[in-house]
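**Student:** Before anything else, here's the structure in question.
What follows is calculated from the coordinates using simple rules that are stated; it is not laboratory data. Please read these numbers as outputs of a predicted model, since none were measured by experiment. Note: ideal-geometry Cβ built from the backbone for every residue, glycine included; neighbour counts use all protein chains shown.
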Amino acid sequence: MSELDQGQRAFSSFRVLNGDESLSEREHLFRNMAELFSYVSDRCDDEQVAQYDEVLCQLAEFVEVEARAHVARLLAPLDRAPGTVVLKLANDDIEVARPLLEFSNVLSDDDLIDIITKQTEAHREAIAGRAQLGDRVGEAIVEHGESASVVRLVRNANAHIDTAILEKLVARAANDREIAADLRSRPGIDWASLRKEIDNVASKVLETLGEMDRGFDPVAAGKVNAVVYNRMRNRAGFSADEWKVAYNQVKGLSDRKQLDARALARFARFGYGHHCAAALTVLLRVKPEVVVKWLASQDYVAVTVALRAAGMTPDLFEAMFATLPWRDLPTDADKRMVASRFEAIDGDEAQGIFDLWRAHEFRKRAVTEAREAASA
């Protein structure tokens, strides 16, 4: 019997969810379904993942900690794991949550920050040891964590510690000798350059404040800071490793029905270019390589038409466009041009163009596959 056949057989056992069967039978089904999914996850479509997600979430309510911990260990290393049950188990007792907090690529920065804020110090300590740890997550640990999680963050050579985090760590180190000792010995920190950078920034801020009049708009200043931050984050362009992580996290958001305009706005606000690109593939229902090709070829027209067809607002479109990890950063003239095109094209017209393109691609792929089959 194939693995997919076993999956159909497993789904036929849903009576366990509603009947009077024993706890052991539910735990047996819970473990078996998670193990089966770990074997076939790379071959499941979104609908199949959603089925596993729903059933595993329901079963998690009826089983003991040992079974939940076993399933968490199975799901933690998977690139494509059901987003809802992963988040549920990541908020569970620490013996359940630890492998997911340390290794799961399905958990987004926002998920981790929420867990840091609401869960225990043990949860924060597990997150602090992740192989990939962004600056927003690190900053949340410094703000909410106790000594154990902050020390693990400082000792994590893979954690991204920017100037803002470092300033907060220095403030905490004044009252914590262990943090101070680890901070002094952390490689890669040029203390002399950091002091000079802080002094230069402070001087520029003071000069700017002296030139400001009473009409200063803090909202406008926040927008300027966001643009600068986005440019800094996207300077390196497209990264295959970042794309893989972003795509898995976006799929997890989609599993939880949270991939909406608010999520897109957060991606753009925090400069998560690869997440913006991954979101396009899911929302537009196109293959990932299509969006990657658009970015590599600087295909502004395709992105403009696609996002107009998706019903995106002009403000969100401009933010997304500026944040995407293009091969080369768009110039100001490029941004003005695409904004003008976006406003000029009608939504229905854009939808028609996009539908024609999608139909053409499907026909072209079918012809190609037929020719390959005939020549085989």
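**Student:** Which trypsin sites (Lys or Arg not before Pro) from region 245-295 combine a DSSP loop assignment with at most 12 other Cβ atoms within 10 Å? Working shown, then result.
**Tutor:** On the way: sites: K251, R256, K257, R262, R266, R269, R285, K293; in loops: R256, K257, R285.
Sites meeting the loop and neighbour criteria: K257, R285.
**Student:** How much length is gained on full extension from E289 to S147, taking 0.36 nm per residue of separation minus their Cα-Cα distance? Can you show the working numbers first?
**Tutor:** Values: separation 142, 0.36 × 142 = 51.12 nm, distance 4.38 nm.
Extra length available between E289 and S147 comes to 46.7 nm.
**Student:** Between E121 and S24, 0.36 nm times their residue separation minus their Cα-Cα distance comes to what? Mind dumping the intermediate values first?
**Tutor:** Values: separation 97, 0.36 × 97 = 34.92 nm, distance 3.19 nm.
Stretched out fully, the E121 to S24 stretch lengthens by 31.7 nm.
**Student:** Here's another thing I want to ask about it. Give, in nm to one decimal, the length gained when the segment between D334 and N175 is fully stretched (0.36 nm per residue of separation minus the Cα-Cα distance).
**Tutor:** On the way: separation 159, 0.36 × 159 = 57.24 nm, distance 5.00 nm.
The D334-N175 span can extend by a further 52.2 nm.
**Student:** In addition: At 7 Å along the Cα-to-beta-carbon direction for both E61 and S297, put a label point, then send me their distance in nm to one decimal.
**Tutor:** With each label placed 7 Å out from Cα toward Cβ, I get 4.9 nm.
**Student:** Further question: Nearest 0.05, what FRET efficiency do Q258 and S185 give at R0 = 41 Å with Cβ-Cβ as r?
**Tutor:** Details: r = 40 Å, r/R0 = 0.98.
That gives a FRET efficiency of 0.55.
**Student:** Between D162 and E35, what is the spin-label point distance in nm, taking each point 7 Å from the Cα along the Cα→C-beta axis?
**Tutor:** The modelled label-to-label distance comes out at 4.5 nm.
**Student:** Would you please give the residues with an amide H less than 5 Å from that of L133, counting only those at least 5 places away or on a separate chain, with H modeled from the backbone geometry?
**Tutor:** HN-HN under 5 Å from L133: H160.
**Student:** For region 304-320, list residues with backbone N below 12 Å from a point placed 7 Å from the Cα of R341 toward its Cβ?
**Tutor:** 304-308
**Student:** Using 1/(1 + (r/R0)^6) with R0 = 22 angstrom and r between the beta carbons of E54 and A131, what's the FRET efficiency to the nearest 0.05? List each step's numbers first, then the result.
**Tutor:** On the way: r = 30 Å, r/R0 = 1.35.
That pair, E54 with A131, gives E of 0.15.
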